[in-house]
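The values are calculated or read from the model by the stated rules, or taken from the named source; none is laboratory data. Quick caveat, the model's predicted, so the values are computed rather than measured. Cβ atoms come from the backbone with ideal geometry, glycine included; neighbour counts cover every protein chain shown. With ligands, DNA and RNA removed, areas are computed over all heavy atoms of the protein, side chains included. Shrake-Rupley method; radii C 1.70, N 1.55, O 1.52, S 1.80 Å.
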Amino acid sequence: MKSGLDAKHLRPVMTTSKQRRGKLTKALIIGQGAREHAFGWKLAQEGVELLFGPGNAGTRKLGHNLDFIDPEKDDISREVIRFGHEEQIDFIAVFHENQLKKGLVNRFTRAGFATFGPTIEASKIEWSKIWANQFLDLYGISHARGVKFFPEYDFVLPNNFRVVKADGLARGKGVKIAKTIREIPKLVTELSIQHPEAAREILIQEFLEGREVSVQAFSDGKNLIFLPPAVDYKRIGEGNQGENSGGIGSFCIDTWLNRQNEAEVKTIMKKLVDFLALNDRPFYGLIYGGFVLTKDGPKLIEVNARPGDPETQVILPRLRSDLFPVLQQSAAGQFDVTSLDWDPRVAVCVVLCSEGYPGKPIINRVIHGLNDLPKDILVFHAGTTLNDKRELVTSGGRVLSIVALGATLEEARAKVYEAIKQVHFEGMYFRSDIALNV
Ligand code: AMP
Ligand code: GLY
């Protein structure tokens, strides 16, 4: 076993013995979303043998779904490690934020598996917004300023401090925006009821005006390989109205960032990774910066420690280079790859949701029409499963990501919406204004 870093941050490196014996690399992806399906879709084209824990009805066409893995459970490490040794798994990728917080990557790494994803220490940048706020403050990294909420404030918040965020993980639903600072206590109470665990502590952030962009990069602890910028639609309703969801539409177009913004966001992300390493929290995996492009330049509003969903669904279809070497080198703590080759076309994704989402979704509804879609339409599954009759049915809030590439956003979105006309399940909901008028 060799390591890309010093002994303290020893990274198991995938053995090549199997490759020498002419066998495929066997990789396990932990998770069950459309993001995981998209990673699997790309890796399958590169000849990787895939297992998904637990996966969904889409991933089962690419490999084996391991139903005994439930990422919502507290500790899945023992069963996965045992299975991994028995089945000679070469590589594990962890994207699921709850499991990052539980230290799954630390445990797999200690057990000797080459593992893609940050440690519990590095992923704190996502799973505690209050800690992230202090960290960004301390190192002068450009971000929305914030303060921890105390009911008994003895000072008055500036008027623009009206974004109320749960400190912990709330599946993208832990943010509320107050109309005035007077509304803050009410929103704090609502968050505490909806997310008792995540909202035990609250961060109040300044509200930033400007266009949003998600900037993602693979990291080997020191170096970054950037992905093209993507835009994610979080609000459930048309015209960005209504509650926040986990993200129900996205697009990816290089020109979303001008040269100056691009240079600035890259500098900010690099600084972030450098300071995490300096703090003894080297970041291996994919780091995600949610930015607002303000008139004073790009500022972070959130940092995630894993690929975005539905950003992944519009980025990976554009990736022409092999993905697996990047994941493997990131996990090993040493990139040899320095840049990636991208399809110049743009991509649009519309997420088909279940009735009830982002609240409690109504599930077990039969999905029709996927077999009739044109060949250039990509479908990434999330909340799907097979029922007793082997019919494809819904099993969650975000059900399917429908994706198309095009020369322009107009062309790509027209293809997606045309394809959606063929797909149906009872109570199906989607936004009709994704990538419209941008
Ligand atoms: P987050 O989960 O932190 O990305 O927040 C969800 C959405 O809330 C973002 O995509 C923004 O639209 C909005 N938001 C969050 N923080 C801010 C902020 N500081 N200023 C303006 N909008 C924000
Ligand atoms: N789309 C935002 C996220 O994955 O957090």
Study note, to complete from the structure: Label model pair residue 145, residue 190: point-to-point distance (7 angstrom along the Cα→beta-carbon line) in nm is 2.6 nm
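What order, most packed first, do the peptides 319-325, 411-417 have when packing is the mean number of other Cβ atoms within 10 Å of each residue? If you can, show how the numbers build up before the last one.
Values: 319-325: 15.4, 411-417: 20.3.
Highest to lowest by the protection proxy: 411-417, 319-325.
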Review point. Can you give the extra length, in nm with one decimal, that the chain gains between residue 421 and residue 338 once fully stretched, where that is 0.36 nm per residue apart less the Cα-Cα distance?
Key: 25.8 nm
Check your understanding: Could you give the nm distance between label points at residue 240 and residue 182, where each point is 7 Å from its Cα heading toward the beta carbon?
Key -> 2.6 nm
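How long is the gain from residue 171 to residue 45 if the chain were fully straight, where each residue apart is worth 0.36 nm and the alpha carbon distance is subtracted? Kindly include the intermediate steps, with their values, before the conclusion.
Numbers: separation 126, 0.36 × 126 = 45.36 nm, distance 2.97 nm.
Full extension of this stretch gives 42.4 nm more.
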Exercise for review: Give the carbon-plus-sulfur fraction of the accessible surface of the range 96-159 in %, rounded to a whole number; probe 1.4 Å, heavy atoms of protein chains only.
Suggested key: 54 percent
Practice item. Round to a whole angstrom and tell me the spacing of the C-alpha centers of the range 329-407 and the range 160-181. Key: 27 Å
Review point. Going from most exposed to least, what order do 280, 336 have by accessible area with a 1.4 Å probe?
Key: 336, 280
**Study point:** Inter-part distance where the range 84-157 and the range 310-324 are each reduced to a Cα centre, Å
**Key:** 23 Å
Check your understanding: Using 0.36 nm per residue, how much length does the chain from residue 408 to residue 360 gain when fully extended, once their Cα-Cα distance is taken away?
Key -> 13.7 nm
Practice item. Can you run the Rg to Rh ratio on the chain? Use alpha carbon positions and the Kirkwood inverse-distance Rh. Key: 0.95
Study note, to complete from the structure: What helix-only [θ] at 222 nm does the chain give? Using -39500 (n - 2.57) per DSSP H run of at least 4, over all residues, to the nearest 500, the answer is -7000 deg cm²/dmol
Exercise for review: For 64, 143, write out the residues from largest to smallest accessible area, computed with a 1.4 angstrom probe and no ligands counted.
Suggested key: 64, 143
Check your understanding: Could you give the distance between the Cα centres of the range 182-234 and the range 241-300, to the whole Å?
Key -> 11 Å
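In the chain, what percentage of the DSSP-assigned beta bridges are antiparallel, given to the nearest 5?
About 80 percent, rounded to the nearest 5.
Could you rank the peptides 242-252, 32-42, 393-403 by their average count of other C-beta atoms within 10 Å per residue, with the highest value first?
Details: 242-252: 22.8, 32-42: 27.2, 393-403: 25.4.
In decreasing order of mean packing, 242-252, 32-42, 393-403 become 32-42, 393-403, 242-252.
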Practice item. Between residue 87 and residue 388, with labels modelled 7 Å along Cα→Cβ, what's the label distance in nm to one decimal, could you check? Key: 2.7 nm
